[in-house]
Each structure stands twice: as structure tokens, then as C-alpha cells.
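Rule-based calculations on the coordinates, nothing more; no lab input. From a predicted model like this one, the values you see are computed outputs, not experimental measurements. Quick reminder, even Gly has a Cβ in these numbers, built from the backbone with ideal geometry, and neighbours come from all protein chains shown.
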Amino acid sequence: MALYARSVAMWMIWESGTKSLRKIGELFGGLDYAAVAQRIRRIRLSHDANAARKLKAKMLNV
């Protein structure tokens, strides 16, 4: 769960547009920018999948 929380925090910083991937990696213990990008991508995919599931459930309940 801690890894997921850190990934969400990275995603939130990235979405705010205030820090580069490299800087975010430095803030989280010296991670490589590619590792940060991978975690952000996974969070985005997870959020997209959850949104799609919610929409399908809503359509089925109508």
C-alpha cells in the first residue's frame, strides 16, 4: 500500500505541473526519471480503468 501511495503522490506532483520527472525522482529518494514515469503511467492506467468500470456500472443501473 505504501508503494501505491508514493506512486499517487508522484502522479499528483506531476499533474500539478510544477516539477520534472527527474526532480520528482530526487524528491522520492533518488529514483530515475524512467521509474517515475512508469509509476505515473500505472496510476493513470488504473484511474482510467476505474473510471470505465464506474461508467459501465452506472449504465447497468439505469
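Taking Rg and Dmax of the Cα atoms in Å as the quantity of interest, determine which of (i) 14.4, 48; (ii) 25.7, 85; (iii) 16.0, 48 was computed from the displayed structure.
(i)
May I ask you to derive the FRET efficiency for ALA9 and LYS56 from their Cβ-Cβ distance with R0 = 25 Å, giving the value to the nearest 0.05?
Here the calculated transfer efficiency is 0.30.
Which is farthest toward the positive dipole end of the chain among ALA5, MET59, GLN38, measuring Cα position about the Cα centre, with Cβ charges +1 (Lys, Arg) and -1 (Asp, Glu)?
Of the candidates, MET59 comes out farthest on the positive side.
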